Amino acid sequence: MGELLKLLAVFFQIGLFSFGGGYAIIPFIHEMVVQTYAWVSQRVFTDIITISQMTPGPLAVNTSTFVGLQIAGIPGAIFATFGCVVSGVGISILLYRFFQRFNQSRYVFEALNGLKSASAGLIISASATILLLTFLGTSAIREAAYADWIAIGVFAGSLLVLKKWKLNPILLMVLTGTLGAIIY
């Protein structure tokens, strides 16, 4: 029961600070799940993020479900998902009431502009983390000598195919997933 409560508390905290959406929270989830609690390895975390992006629903919620499942099975998935969702619901209700009251305030408008900028920075950080985890197997840039050149080639090829021939993204995911299963 102690592990379930820890999952609930950690993902409640993640849900509480999920400003900017799922991509902006990836570095925080990574810090908590991989570095602080060592629940999953870097490689497993990358796989969880990949699966979370391909499944329907918010990234943070999908990630919490998959991590909870890895740690404590179905009860872990339930506790982690509930922790992630309940804090967001509470914040949404409070923000709705706040914006209904102060929707014409210039100060609120300017504060939101500041939050947009911070969210953009967090999304860029998340993108860098995902790229480093994918290509280097770690989030440390100093490991560049150990890059996965096959993954970089598949990434570059996918970008080329998407931009030049406008291939359906779902078909591209199936093809690159098959290629990855064959290569790795």
Hey, rough spin-label estimate for T138 and R101, points 7 angstrom out along Cα→Cβ, what's it come to in nanometres? 4.9 nm
With Cα springs under 10 Å, the Gaussian network model of the chain assigns the largest mean-square fluctuation among A120, A147, A156 to A156
Just to be sure I understand: with springs between alpha-carbon atoms less than 10 Å apart, which residue in Q35, Q53, Q100 has the highest mean-square fluctuation in the Gaussian network model of the chain? Q100
I'd like the Karplus ³J(HN,Hα) series for segment 178-184: coefficients 6.51, -1.76, 1.60, θ = phi - 60°, whole numbers in Hz, and an x wherever there's a Gly or Pro. 5, 4, x, 5, 6, 6, 9
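Once R0 is set to 45 Å, what does the formula 1/(1 + (r/R0)^6) return for the Cβ-Cβ distance between R43 and L115, expressed as a FRET efficiency to the nearest 0.05?
Details: r = 33 Å, r/R0 = 0.73.
Between R43 and L115 the formula returns 0.85.
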Where is the GNM fluctuation largest for the chain (alpha-carbon springs, 10 angstrom cutoff): I152, I170, I49? I170
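Per residue, how big is the convex hull around the C-alpha atoms of segment 108-184? Give it to me in cubic angstrom, could you? Write out the running numbers ahead of the final one.
On the way: hull volume 10.1 nm³, N = 77.
Roughly 131 Å³ of hull volume per residue.
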One quarter of the C-alpha convex hull surface, i.e. the mean projected area of segment 2-147 in nm², amounts to 9.5 nm²
Each residue of segment 93-100 in turn: what ³J(HN,Hα) in whole Hz from Karplus with 6.51, -1.76, 1.60 and θ = phi - 60°, glycine and Pro shown as x? 5, 5, 5, 4, 5, 4, 5, 5
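Which of rounded, prolate, oblate describes segment 1-83, given a ≥ b ≥ c as roots of the alpha-carbon gyration tensor eigenvalues and a/c under 1.5 marking rounded, otherwise prolate only if a/b is larger than b/c?
Numbers: a/c = 1.30, a/b = 1.23, b/c = 1.06.
Rounded.
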Read phi for every residue in segment 57-70 and hand back ³J(HN,Hα) as whole Hz from Karplus 6.51 cos²θ - 1.76 cosθ + 1.60, θ = phi - 60°, with x for Gly and Pro. x, x, 4, 5, 5, 4, 4, 4, 5, 5, 5, x, 5, 5
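Read-outs: derived from the displayed coordinates by stated rules, not from any lab. Please read these numbers as outputs of a predicted model, since none were measured by experiment. No Cβ is skipped: glycine too gets one built from the backbone with ideal geometry, and neighbour counts run over all protein chains shown.
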